[in-house]
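Trainee: Please find one structure pasted underneath; my questions will follow.
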Amino acid sequence: MVAAALAVGACSSDLQLPPAALANEVDTVSLYALTGTPVGVPSAYHLEFRRIVRTDQSAAFDFVFDLTAAGAPVFVPTGPLGLGEGSGLRESPQPFDSITIAPVSGYVYDAATPADSGADLLVQSRVTVCNFGARVSYYAKLRVLAVDPGARRIDFEILVNANCGYRGLEPGLPTR
């Protein structure tokens, strides 16, 4: 609870942020289901470093892709995986291209979020400490492009703001 309050405070306009150094870019990513696929394929995504992750090599990630027993595609935050609460996902009421800033609330931390083709989602990372001392989360928006149940794969585009303390989700160098 304290970490969440600090993270919200860190994302307010009162935070003295250093100039943004990393441009926001839309990346296309493929992940494979956590269950039922070879352990050597990436199933997870880490927002801070904007990279796919193999869960057999690292527990440093913010969500995984999986298929339920009924075959429904889902993204799962860290809490249900036994990695502690912190990362969260939420469905977006706006389409991908219309999302310009990440909200600081409304994320689901303890359950999977549906990841059907065409779904637009928002992601919040675990709280981390910036090099200037603030405790914040990283934010992203994503759009599911395709789900291939046979290959147990999901393809999506994602824009992550990898500038510590910033929530802007538009391409280019963020100002907020």
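The values are calculated or read from the model by the stated rules, or taken from the named source; none is laboratory data. Since the structure is predicted, the reported quantities are computational estimates derived from the model, not experimental observations. Cβ: placed from backbone, ideal geometry, glycine included. Neighbour counts: every protein chain shown.
Trainee: Can you tell me which of (1) at pLDDT below 95; (2) under 12 Å from the mean Cα position of the chain (by Cα) is the one TYR45 doesn't meet?
Mentor: Going through (1) at pLDDT below 95; (2) under 12 Å from the mean Cα position of the chain (by Cα) one by one, TYR45 breaks only (1).
Trainee: Could you please give the count of residues in segment 92-107 that are under 21 Å from PRO171 (Cα atoms), surrounded by 13 or more Cβ atoms within 10 Å (Cβ to Cβ) and in contact with a strand residue (DSSP E or B) (Cβ under 6 Å, 6 or more places away or on another chain)?
Mentor: 5
Trainee: A follow-up question, please. Looking at this structure, is GLY84 surrounded by fewer than 19 Cβ atoms within 10 Å (Cβ to Cβ), of a type in the set (Gly, Ala, Ser) and at pLDDT below 95?
Mentor: So GLY84 passes the test.
Trainee: While we're on this one: Of the residues ARG153, ARG126, ARG167, which single one is surrounded by 18 or more Cβ atoms within 10 Å (Cβ to Cβ), within 24 Å of PRO18 (Cβ to Cβ), of a type outside the set (A, V, I, L, M, F, W, C) and in contact with a Ser or Thr (Cβ under 6 Å, 6 or more places away or on another chain)?
Mentor: Result: ARG126 is the single residue among ARG153, ARG126, ARG167 that is surrounded by 18 or more Cβ atoms within 10 Å (Cβ to Cβ), within 24 Å of PRO18 (Cβ to Cβ), of a type outside the set (A, V, I, L, M, F, W, C) and in contact with a Ser or Thr (Cβ under 6 Å, 6 or more places away or on another chain).
Trainee: Quick one: would you say ALA134 is out of contact with any Lys or Arg (no Cβ under 8 Å at 6 or more places or on another chain), farther than 21 Å from VAL29 by Cβ, exposed (fewer than 14 other Cβ atoms within 10 Å of the Cβ) and among the hydrophobic types (A, V, I, L, M, F, W, C)? Full working, then the answer.
Mentor: Details: out of contact with any Lys or Arg (no Cβ under 8 Å at 6 or more places or on another chain): yes; farther than 21 Å from VAL29 by Cβ: yes; exposed (fewer than 14 other Cβ atoms within 10 Å of the Cβ): no; among the hydrophobic types (A, V, I, L, M, F, W, C): yes.
No.
Trainee: Return only the number of the condition from (1) closer than 16 Å to ASP66 by Cβ; (2) of a type in the set (A, V, I, L, M, F, W, C); (3) modelled with pLDDT under 95 that ALA134 does not satisfy.
Mentor: (1)
Trainee: Pairs please, first residue from segment 131-159 and at positive phi, second anywhere and of a type in the set (A, V, I, L, M, F, W, C) and not in a strand (DSSP E or B), Cβ atoms under 7 Å, 6+ apart in sequence or on different chains.
Mentor: Close Cβ pairs satisfying both conditions: ARG152/ALA33.
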